[in-house]
Amino acid sequence: MTGLITMNDLSNEEILEILDTAERLLPVARGETYLPLLQGKILGNLFFEPSTRTRMSFETAMKRLGGDVINLGDVSTSSVVKGETLYDTIQMVDGYTDIIALRHPRQGAAQYAQDSANSPVLNGGDGAGNHPTQTMLDLFTIRQAHGTLENLDIVLAGDLRYGRTVHSLSHALIRFGCNLILASPSILRMPAEIVQDLKAHGATIVETEDLIGSLDNADVVYMTRIQKERFNDEDEYKKVAGAYKMHASQLSNCRPSMIVMHPLPRVDEIHPSVDSSRHARYFEQAFNGVVARMALLCRLLNVEVPEKIEGGK
Ligand code: CP
């Protein structure tokens, strides 16, 4: 069965259906009502790279819906250190579980896993490739704030070269007619093939190094961390570390409805002064990972979510 490897696996209509399902599941995600739709189902969490949000929100989503989770755990205590391949590991986990969430440092690893598994694979981040489940929670957060995904002005800022969240998100946003400003240091520009692809789909794309000058006309500013772990050369990283540091004082001329998002973790690119501003949305965004992943798990496990969910405090 096909899982979710890139945003190309979902049509716009399917994206909107999943967001609607996620909306209905909010009381379940908040623990206000219990709905064991996934009782008897097991998720295999395979994280070959560090994660807090993706791994834990998948676990929360599964458990709030009555399902169970098994974790590979720390890779250094698994048989991977004995030389077991990803292919063999996937064969085992495929037999133990009904669905797999995979994070791996190698771009393309999620597709590779899906090609060799019977269960659906959810790509929880493959190197500098894609992070589509993050995109679903990002879209949920944007629609929650603006009531639509259509024709918004969106700034994607920071490490656009290695940032897998913005690779997936940019593809999804332009399919809804959004205008994108890509703000990054020159060595961290969005890969040319992605920009070309976005433009080939008719998108309006502006590339700039000037983040501050891009803020005033934005509906969404999506900040990202410089992905230190993807640099081969520490000196190259040092050249761009701390390139963008957003402070609340820079937001005084922004549209009142503008939201600041970040997939997290942050380092120093959003100053804590922004946290208490009307614009900050990154912690709600992280919470939305639970509903977005609940909706994806139900869909890929062919479990129908009721149109009306009773309960809620
Ligand atoms: N947003 C995100 O992928 O966070 P984690 O690395 O903590 O999973």
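The values are calculated or read from the model by the stated rules, or taken from the named source; none is laboratory data. All values derive from a computational prediction rather than experimental measurement. Note: ideal-geometry Cβ built from the backbone for every residue, glycine included; neighbour counts use all protein chains shown. Keep in mind that these areas ignore ligands, DNA and RNA; they rest on the heavy atoms of the full protein, side chains included. Shrake-Rupley method; radii C 1.70, N 1.55, O 1.52, S 1.80 Å.
Of the residues Thr52, Thr33, Thr60, the single one that is closer than 17 Å to Ile99 by Cβ, modelled with pLDDT of 95 or more and of a type outside the set (A, V, I, L, M, F, W, C) is Thr60.
Restricting attention to the stretch 117-165, the residues that are charged (D, E, K, R), within 15 Å of the ligand (Cβ to nearest atom) and touching a helix residue (DSSP H, G or I) at 6+ places or on another chain (Cβ under 7 Å) add up to 3.
Filtered by the rule that a residue be under 20 Å from the mean Cα position of the chain (by Cα) and more than 21 Å from Glu229 (Cα to Cα), the stretch 72-110 gives Ile99, Ile100, Ala101. Exactly one residue out of Gly73, Gly108 is among the small types (Gly, Ala, Ser) and modelled with pLDDT of 95 or more: that is Gly108. Here Ser168 clears all of (1) crowded, with 22+ Cβ neighbours inside 10 Å; (2) in contact with a strand residue (DSSP E or B) (Cβ under 6 Å, 6 or more places away or on another chain); (3) small (Gly, Ala, Ser) except the condition numbered (2). Anything in the stretch 242-268 that is in a loop (DSSP other than H, G, I, E, B), more than 16 Å from the ligand (Cβ to nearest atom) and of a type in the set (A, V, I, L, M, F, W, C)? List them, or say none. Result: Ala243, Cys254, Met258.
Restricting Ile174, Ile154 to residues that are modelled with pLDDT of 95 or more and touching a Cys at 6+ places or on another chain (Cβ under 6 Å) narrows the list to Ile154. I'm checking my understanding of the structure. Among residues of the stretch 192-242 that are in contact with a Cys (Cβ under 9 Å, 6 or more places away or on another chain) and of a type outside the set (S, T, N, Q), which one is most open to solvent (accessible area, probe 1.4 Å)? If we take residues in the stretch 192-242 being in contact with a Cys (Cβ under 9 Å, 6 or more places away or on another chain) and of a type outside the set (S, T, N, Q), then Asp216 is most open to solvent (accessible area, probe 1.4 Å). Any idea which residue in the stretch 269-303 is nearest to Ser184 (Cα to Cα), counting only those that are assigned to a loop (DSSP other than H, G, I, E, B) and without any contact (Cβ under 8 Å) to a residue 60 or more places away in the chain? Going through the qualifying residues, I end up with His271. Going residue by residue through the stretch 50-69, is there one that turns out to be buried (at least 16 other Cβ atoms within 10 Å of the Cβ), within 16 Å of the ligand (Cβ to nearest atom) and part of a strand (DSSP E or B)? Within the stretch 50-69 (the criterion being buried (at least 16 other Cβ atoms within 10 Å of the Cβ), within 16 Å of the ligand (Cβ to nearest atom) and part of a strand (DSSP E or B)), the answer is yes, since at least one residue qualifies.
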